[in-house]
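> After the structure tokens below, expect a handful of questions from me.
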Amino acid sequence: MSANSQKPQQVRIFDTTLRDGEQSPGAAMTLDQKIEVAELLDAMGVDIIEAGFPISSQGDFDAVSEIASRTKNAVICGLSRAGIKDIDRAGEALRSAKRARIHTFISTSPVHMKHKLQMGPNAVLDAVGASVTRARNLTDDVQWSAEDATRTERDFLCRCVELAIRSGAMTINIPDTVGYTTPQEYVELVRMLMESVPGAEKVVFSTHCHNDLGLAVANSLAGVIAGARQVECTINGIGERAGNAALEEIVMALKVRRDAMPFTTNIDTTMLARASKLVSNVTGFPVQFNKAIVGKNAFAHESGIHQDGMLKNVETYEIMRPEEVGVKETSLVLGKLSGRHAFRDKLESLGYDLSDEALQEAFKRFKDLADKKKHVFDEDIVALVDDEIVRGADVVVIKALKVETGVGIEPSAEMTLVVENEERSIKTTGDGPVDAIFKAIRELYPHTASLQQFQVQAVTEGTDAQATVSVRLEENGRTVTGRGADTDTLVAAAHAYVTALNKLLVKREKQVPEALTVAR
Ligand code: KIV
Ligand code: ZN
């Protein structure tokens, strides 16, 4: 991807949901879930998908390589530190990509160089040149990042950027790694680099802003105003600590305020709500109700004065139409008598393209749901299908569950799990039915993870509503979140726990080797 092939006002969207997003405490995705997310990002028009950090685990390597071989349009990017092994591993994972990018980074701030890398500025400079050169031997499309750039001494940053450009980097990323900068300061930094570094005119500058002070989107937009033409962001703003700039907010700010920021993106904004729901489901991270663009309340008007204004003219209180971001009026969709054909049509209209096998399974679950629930809404279908996608190829699967509870009865759970094709059954009692269920799971599949959070939410209104339960587990500093949806809250709780457990098994293997052999 060359800087020249981009229209001057075009901003590239670089999505890092599958890499920085997946680094969020509690977020972990299986291979199938990552593929599902990548397919949606590609269909939505994301320019570059950072699919993972290949050296960090076999799981990340497989995800990058599988996504690379399947993706039709987007550039697929793999992250690597400045080490030879890292870069080569990223190159190997990207081998089957139509368009591959290696993203190599090293810290440049005094605090990172001294305490994290234990390297002096000259050694870091050597590593910049050698790592970019190594990556350029594997692909033409190389991105270089100065980790903690916003806390880096300016002259040193200029020298690093200049060397990265001379060594062949086509994209220069200026991360606000710790979410410390302000919009004004970031404008000045990007402008200064673009104006003073030799060769800057040949490359695309990129923003990568974290949200520790809630400024990630504002800082990213400031970077664009200063001249950056790539924004790194994630769906729902997930990412390390307080997260990254939210893709949906960046894209809609650029679309709605084109008068103030005359830039365009390739994103089909009508897919934003769907992407947000999918990422929330596969990571188990709920979207806060008042989240801009994709929150449940983002287009809700509660007060009488607002409702009155809206009835007279929607522009009184709406700066964008909900349909523009893919939010549709809740509609009564299907019932007990709806057939497979109608169900498939409905799924298509909601943006799903399921395999025959997955459709069969989802249809079976829809029929069960329609038996239990009088009105089935779009949200119910989304919760049900996403729950199906989440379950994927799991090591631990629930085969049967019977729960007894009530006044004067000791709550108990009778459960059968299938663990790698072997059936295991038990009956347990507990302080409540949920406690009994979780105890049963722990007995049938012993593990040391502790329960950190248990949350229940209704998908729609009414006592027959489906519940989504989210469960967060922690083991040796690794956290994962699982979600389950069902009209029976206890069944949803069991699925949420087992989903979290399956994710923990994925995450257990993920570990970045500590020792970094820096390229020379
Ligand atoms: O926040 C950061 O600096 C990063 C880099 C790896 C780009 O995520
Ligand atoms: Zn980051």
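> Using mean Cβ contacts within 10 Å as the protection proxy, how do 14-21, 452-459 order, highest first?
Most protected by this proxy first, the peptides run 14-21, 452-459.
> Same structure again: Leaving out ligands and nucleic acids, and using a 1.4 Å probe, what accessible area per residue does the chain come to in Å²?
Ligands and nucleic acids excluded, the figure is 43 Å² per residue.
> Quick check on the chain: helices-only [θ] at 222 nm, where DSSP H runs of length 4 and up contribute -39,500 (n - 2.57) each and the sum goes over total residues. Nearest 500, please.
My calculation for the chain gives -12000 deg cm²/dmol from helical runs alone.
> Any idea what the relative contact order of the chain is, in percent, if you count C-alpha pairs under 8 Å spaced at least 6 apart?
Averaging sequence separation for qualifying contacts and normalising by length gives 14 percent for the chain.
> May I ask which of Lys346/Lys402; Lys399/Lys503; Lys114/Lys503; Lys72/Lys255; Lys202/Lys255 have a Cα-Cα span longer than 29 Å here?
Lys346/Lys402; Lys114/Lys503
> Given the Cα-Cα distance of Leu213 and Thr416 and 0.36 nm per residue of separation, how much length would full extension add, in nm?
Gain in length upon complete extension: 68.4 nm.
> Hey, for a label at Glu323 modelled as a point 7 Å past Cα toward Cβ, could you say which residues of the stretch 243-283 have their backbone N under 13 Å away?
Residues 270 fall inside that zone.
> Here is a follow-up. If you scale each eigenvalue of the Cα gyration tensor by 5 and take the root, what three semi-axes come out for the stretch 4-72, rounded to whole angstrom and sorted largest first?
23, 13, 11
> Working from the alpha-carbon coordinates of the stretch 363-470, get Rg over Rh, Rh being the Kirkwood radius.
Radius of gyration relative to Kirkwood radius: 0.98.
> A follow-up question, please. Once the whole set of protein chains is in place, how much accessible area is left on Lys116, using a 1.4 Å probe, in Å² to the nearest 10?
Counting only protein heavy atoms, Lys116 exposes about 110 Å² to solvent.
> Relative contact order for the stretch 136-281 using alpha-carbon pairs under 8 Å, separation at least 6, rounded to a whole percent?
18
> For the stretch 137-242, what D do you get in µm² per second when you plug the Kirkwood radius from alpha-carbon pairs into Stokes-Einstein at 20 °C and 1.002 mPa s?
Value of D from the Cα-based Kirkwood radius: 157 µm²/s.
> Compare the peptides 75-82, 40-47 by average per-residue count of other Cβ atoms within 10 angstrom and give them in order, highest first.
For the peptides 75-82, 40-47, the packing ranking is 75-82, 40-47.
> Okay, next question. Show which lysines lie in cross-link reach of Lys296 when reach means a straight Cα distance below 20 angstrom and same-chain residues fewer than eight apart are skipped.
List returned: Lys277, Lys328.
> With a point put 7 Å past each Cα toward its Cβ, work out how far Tyr180 is from Asp62 in nm, to one decimal.
Using points 7 Å along Cα→Cβ, the separation is 3.9 nm.
> For the stretch 12-283, what is one quarter of the convex hull surface built on the Cα atoms, given in nm²?
For the Cα atoms of the stretch 12-283, the hull's average projected area reads 12.5 nm².
> Here is a further query. Please compute the modelled spin-label separation between Asn73 and Ala292, points set 7 Å along Cα→Cβ, answer in nm with one decimal.
Those two pseudo-labels are separated by 2.4 nm.
> Can you compute the FRET efficiency between Ile426 and Arg257 using 1/(1 + (r/R0)^6), with r the Cβ-Cβ distance and R0 = 41 Å? Round to the nearest 0.05.
0.10
> Another one. Using the C-alpha atoms of the stretch 331-387, what convex hull volume per residue, in cubic angstrom, is computed?
Measuring per residue, one finds 70 Å³ for the Cα hull of the stretch 331-387.
> Using Cα-Cα distances under 8 Å and only pairs 6 or more residues apart, what relative contact order does the stretch 391-510 have, in percent?
Over the stretch 391-510, the number comes to 18 percent.
> Alpha carbons only, please: Rg and Dmax for the chain, in angstrom.
Gyration radius and largest Cα-Cα distance of the chain: 24.2, 79 Å.
> Take every DSSP beta bridge whose two residues both sit in the chain, then give the antiparallel share in percent to the nearest 5.
50
> If one computes the Cα centroid of the stretch 428-496 and of the stretch 62-95, what distance in Å separates the two points?
Here the answer is 35 Å between Cα centres.
> Ratio of alpha-carbon Rg to the 2.2 N^0.38 Å globular estimate for the stretch 1-130, to two decimals, please.
1.12
> Name the aspartates and glutamates eligible as straight-distance cross-link partners of Lys373: C-alpha to C-alpha under 12 Å, and not fewer than 8 places from it in the same chain.
Once the sequence-local aspartates and glutamates are set aside, what remains near Lys373 is Glu461, Asp464, Asp486, Asp488.
> Pop the C-beta distance of Ser196 and Asn122 into the FRET formula with R0 = 25 Å and round what comes out to the nearest 0.05.
0.75
> Give me the percent of accessible area attributable to carbon and sulfur for the stretch 39-129, probe 1.4 angstrom.
Within the stretch 39-129, the accessible surface is 50 percent carbon and sulfur.
> Among 401-409, 104-112, 194-202, how do they line up from the highest to the lowest mean number of other beta-carbon atoms within 10 Å?
My ranking of the peptides, most packed first, is 104-112, 194-202, 401-409.
The values are calculated or read from the model by the stated rules, or taken from the named source; none is laboratory data. All values reported here derive from a predicted model rather than from experimental measurement. Reconstructed Cβ throughout: ideal geometry from the backbone, glycine too, with neighbour counts over all protein chains shown. For accessibility, only protein heavy atoms count, side chains too; no ligands or nucleic acids. Shrake-Rupley method; radii C 1.70, N 1.55, O 1.52, S 1.80 Å.
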